[in-house]
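The values are calculated or read from the model by the stated rules, or taken from the named source; none is laboratory data. What you see is a predicted model, and the numbers here were worked out from it, not measured in a lab. Cβ placement follows ideal geometry from the backbone for every residue including glycine, while neighbour counts extend to all protein chains displayed. Note: areas computed on protein heavy atoms with side chains; ligands, DNA, RNA excluded. Shrake-Rupley method; radii C 1.70, N 1.55, O 1.52, S 1.80 Å.
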Amino acid sequence: MTVMKSMLAAAVATLALSAQAQALPTSGTLVVVPANGEVVHANDQVTVTLAIEEQDKDKAAAASRVNQKMNQGVAIVKKADPQAVLKTQGYYTYAVYPETAPLPPGSVAKPRVPTGWRVGQYLQVTTTNLAALPKTVSAAQGVLTLNRLNFGLAPATIRKLDDERIAAAYRNLNERVAAIAGAMGRSVNDAVIDTIDFEGSGNYAQRVNVTGARAMSADTMAYGGSQVAEPSFEPGETTLNMGLVAKIKFK
């Protein structure tokens, strides 16, 4: 009997609290509502990083071979994909020193003398010609090494998706406002938009998710001669997000 009385008392208290919550006035309430919209699109652009490095006792000889092979690699890529945008970057030269054992306490270190030089350079290739990508990379690997690939969306594609992102974010806002109105016991028709911030500052641009072979480290894809079999790539897709924050006032 005691248990039944306790359960009955708890039920009565719950109903009282529920009735009290429903009775709270909501007229003139200002609600801040975050919303988000996302659009998924197949990747249509790739940035390929090719590299060359040479090592020699003679710094000039190493640099000469790097320059020669980079020129060859650039010519090969331009021929394989004429529409690609090329950018040479990251030219480096540094000495190679022999390994030395730790010196005994009190010993004076002798000036280190390099035993050789390492010289290298990178070539960045950006293209939307994904159909020709395996052939282009294969041809380039006859001279250069494939260092990295990054799949993504072309700037023109991102601009075209702006309308879809805005519509998706606004649709999500309407869904959330309807849910909030229902929870408040109000009609969604009583909700009026006061302010909408579509994050025009560009903060939403940092939230980009890419699936598939977006970024591939290709150190193991070094060329093994003048003829390299064509690799296989999966560009994957990119998810673009647009967030917004709205202030909603209930009549």
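Filter region 20-49 down to residues that are in a loop (DSSP other than H, G, I, E, B) and at pLDDT below 90, then give me how many there are.
So the count comes out to 7.
Run down Y97, Y91 and say which single residue is under 26 Å from T145 (Cα atoms), at pLDDT 90 or above and among the hydroxyl-bearing types (S, T, Y).
None of the other options fit; the residue is Y91.
I'd like to know if region 32-39 contains one or more residues that are open to solvent by 40 Å² or more (accessible area, probe 1.4 Å), farther than 30 Å from Y170 by Cα and either among the hydrophobic types (A, V, I, L, M, F, W, C) or in contact (Cβ under 8 Å) with a residue 12 or more places away in the chain (or both).
No - not one qualifying residue is present in region 32-39.
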